[in-house]
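S.K.: Questions regarding the structure given below will be posed in turn.
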Amino acid sequence: MVINWTGKFLQVKAIGPTIASAYLDKRLQDDKDYGFSVFKPMGEVCMEWLNEQANRLVVYASFGSLAKLGAKQMEA
């Protein structure tokens, strides 16, 4: 797996999936909720966490989200 190989050289953390297994492949029947909800955005909590991080520490990766980042947000 790519994440395991990359982890040997860099400090990385995999995040996802953002949909519980019970709604995807049903491999884990009891996996219905783990605190994340696309219907209840946690913008304040996320922004608070982001603001606590050092510059150039966080990478934003989007795989089909509808987020639109402005020029100021994309600055290093």
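S.K.: Those residues that are under 17 Å from residue 74 (Cβ atoms), assigned to a helix (DSSP H, G or I) and under 15 Å from the mean Cα position of the chain (by Cα), I need them from segment 47-57; list them, please.
M.R.: Across segment 47-57, the qualifying residues are 47, 50.
S.K.: Given the conditions (1) surrounded by 10 or more Cβ atoms within 10 Å (Cβ to Cβ); (2) of a type in the set (D, E, K, R); (3) at pLDDT 75 or above, and given that residue 32 satisfies all but one, which numbered condition is not satisfied?
M.R.: (3)
S.K.: Residue check, residue 26 against (1) within 27 Å of residue 72 (Cβ to Cβ); (2) out of contact with any Ser or Thr (no Cβ under 8 Å at 6 or more places or on another chain); (3) at pLDDT 70 or above; (4) not acidic (Asp, Glu), all met but one. Which one?
M.R.: Residue 26 satisfies every listed condition except (1).
The values are calculated or read from the model by the stated rules, or taken from the named source; none is laboratory data. Everything numeric here is computed off the predicted structure, so don't read it as measured data. Ideal geometry is used to build each Cβ from the backbone, glycine not excepted, and the neighbour counts take in all protein chains shown.
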